[in-house]
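Report on the following structure.
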Amino acid sequence: MQHVLGLDHVIILVRDLDDSEARMTRLGFRPTPRGYHSTHMGTANATVMLRNGTYFETLTVVQPTPANADTRAVLALREGPAGLALKTDDAEGAAVEFMAAGIAAGDALDFARPVELPGGTREARFTVARVRSDASPGTSLFVCQQHTPDVVWREDFLEQPNGATGLAELIGVADDLAAIEQAYGVIFGDRVDRGEDTVTIAADLATISFLTPAALTQRFGSLAAPVSAPTPRLAGLRFAVDDLDRTKNVLRNNDVSWTASGSSILVAPKEACGTLVVFS
């Protein structure tokens, strides 16, 4: 698909936004001031912006509405990564491509949220196009056309105390890799690569990886212990960092438990809102 580009951001669903902001701060991230979406959406978020043009957000429901029913259904089971936003140069064009492939979840939609900046409040404006939930097993997937990137990637919040510079990998788990390969192949084409126990998707600066439960455990050990949630699902995020010693010092100073694994640092999901966090 010509208008589906690389990774833009990942959504981590949380039940308590205050708690999530505190946890991400302990991990050495600097969340931006929280944003509130429209009354129709009924959600609020806090973002962590990264220099390589990716970011992640923790998002919660502040008022139940029909628009956040799916979010509430996931939160009834678990916290953790659940949404995947891809970059696009043309969300309307991507919506047409989704419709032609029979996977669209409606037309492209415009929305905005206020952002508090040192010079005053501005609007972050987006156009998004979504695919049906059955077309992206394990995640809620959409493309996001950023109309105001200078408002979203705030220069005063790009430097992270833990040295994180970007999202390098989105990690998922799935029992049926054939279904993953087939579904994501419709969206990503030859950017999807199937291995014996992994499906990887090249998403420009980042990789999207779906592993079998056994492969996830082999890679991450006890930190990948299954939670009471069905598969397929997203399980973790790997961040590129400038200096692992800097990352270790931040975690030690904030009393965050971590495990060394080769040239990576692993932080358990219980420390990070249901998200396995890897620094490398």
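As a proxy for reagent exposure, MET1, MET99, MET24 were ordered by neighbouring Cβ count within 10 angstrom, fewest first; the result is MET99, MET1, MET24. DSSP beta bridges fully contained in the range 125-280 are about 75 percent antiparallel. State which stretch of the chain is the longest one without any exposed GluC sites (Glu not before Pro), exposure meaning a DSSP loop state and at most 13 other Cβ atoms within 10 Å. It runs 1-158.
In debye to the nearest 20, how big a dipole does the chain give about its Cα centre with +1 on each Lys and Arg Cβ and -1 on each Asp and Glu Cβ?
On the way: 24 positive and 35 negative charges, 133 e Å.
Rounded to the nearest 20 debye, it is 640 debye.
Legend: P(r) of the range 164-279 from all alpha carbon pair distances, 5 Å bins from 0, whole percents, reading 2, 11, 21, 23, 18, 13, 7, 3, 1, 0.
Given the range 7-157, what percent of its DSSP beta bridges are antiparallel, to the nearest 5? Can you show the working numbers first?
Details: 30 of 40 bridges.
Bridges in the range 7-157 that DSSP calls antiparallel: roughly 75 percent.
Taking H placed 1.01 Å from N in the peptide plane, check which residues at least 5 places from PHE239 or on another chain put their amide H under 5 Å from its amide H. Placed amide hydrogens put ALA168, VAL278, PHE279, SER280 under 5 Å from PHE239. Could you let me know the centre-to-centre spacing of the range 188-242 and the range 1-53, using Cα atoms, in angstrom? About 20 Å separates the Cα centre of the range 188-242 from the one of the range 1-53. Other residues within the sphere of radius under 12 Å centred on the Cβ of TYR55, judged by their own Cβ, net out at +2 (K and R +1, D and E -1). Each helix, a run of at least 4 DSSP H residues, gives -39500 (n - 2.57); summed and divided by the residues of the chain, these come to -6500 deg cm²/dmol at 222 nm.
Each Lys or Arg adds one and each Asp or Glu takes one away; over the other residues whose Cβ falls under 13 Å from the Cβ of GLU123, this sums to 0. Considering only the Cα atoms of the chain, their convex hull presents on average a projected area of 13.6 nm².
Overall, the ratio between the Cα radius of gyration of the range 34-167 and 2.2 N^0.38 Å, rounded to two decimals, is 1.08. Taking a ≥ b ≥ c as the square roots of the eigenvalues of the Cα gyration tensor, the range 1-79 is classed as oblate, since a/c reaches at least 1.5 and a/b does not exceed b/c. Counting neighbouring beta carbons within 10 Å and listing from fewest to most, the residues SER140, SER20, SER263, SER38 come out as SER263, SER38, SER140, SER20. Farthest toward the positive end of the dipole of the range 164-279, out of GLN218, THR247, THR207, is the Cα of THR247, where the dipole comes from beta carbon charges about the Cα centre. Nearest 5 is fine: what % of DSSP beta bridges in the chain come out antiparallel, could you say? Antiparallel: roughly 75 percent of the beta bridges in the chain. Here the contact order of the chain, divided by its residue count and restricted to Cα pairs under 8 Å and six or more residues apart, works out to 21 percent.
Read the figures in this text as sums done on the coordinates, not as results from a lab. These numbers come from a predicted model, not from an experiment. Note that we place each Cβ from the backbone using ideal geometry, even for glycine, and neighbour counts take in every protein chain shown.
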